[in-house]
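Written below as structure tokens is the structure these notes are about.
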Amino acid sequence: MTSGEGWGPFPLILAGAVLAVLAIFFVDAEWGAFALGGVLLVAAALRFAGYGGLMAVRTQRTDMVLYGGFGVGLVAVGMFLEFGDVLKPAVLQLLGG
């Protein structure tokens with residue numbers, strides 16, 4: 001992290017993650033998981049664009065892959081929680097089960 005970079009977009013990502021976790025507990029787990037996955041995908045996009053700040057924990061490529069992977073995973077979990085009765089047979093058919 002360079003001296004001029006400071007916090008970077010970290011407060012934005014932290015605020016979004018806190019709001020998403022609060023949504024999981026107080027509103028709806030499905031939409032909260034979807035929102036948290038979206039926040040992680042935004043973090044991955046910001047790391048891809050070269051922003052770092054306190055989000056830069058590892059190399060840019062590693063951060064991008066991990067933020068993106070966890071983001072896609074949480075979006076998928078949110079979708080399966082919301083639309084599981086429709087998605088589960090379709091995924092099992094695709095996998096040959």
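Where a number appears in this text, it was derived from the coordinates with a stated rule and is not lab data. Predicted, not measured: the structure shown is a model, and the values here were computed from it. Please note: Cβ atoms are built from the backbone with ideal geometry, for glycine as well, and neighbour counts cover all protein chains shown.
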TODO: Using only Cα atoms, tell me the angle between helix 29-48 and the longest principal axis of the chain; keep it within 0 to 90° and round to the nearest 10.
DONE: 40 degrees
Task: Pairwise label distance in nanometres, VAL18 with GLN60, each label 7 Å out on the Cα-Cβ vector - done: 2.9 nm
Open item on the list: Can you tell me how region 27-66 classifies by the Cα gyration tensor, rounded, prolate or oblate, using a/c under 1.5 as the rounded cut?
Closed with: prolate
Task: Given [x] 117, 47, 14; [y] 37, 29, 22; [z] 53, 33, 15, the label whose value is Cα extents along the principal axes in Å derived from this model - done: [z]
Task: In degrees, nearest ten, helix 60-94 long axis to first principal axis of the chain (Cα) - done: 10 degrees
Task: Dipole in debye (nearest 20) - region 10-94, about Cα centre, beta carbon charges: Lys, Arg +1; Asp, Glu -1 - done: 400 debye
TODO: Compute the signed sum of charges (Lys and Arg +1, Asp and Glu -1) over the other residues within less than 13 Å, Cβ to Cβ, of TYR67.
DONE: +2
Open item on the list: Nearest 10 degrees is fine. How inclined is helix 10-26 to the longest principal axis of the chain, computing both from alpha carbons?
Closed with: 30 degrees
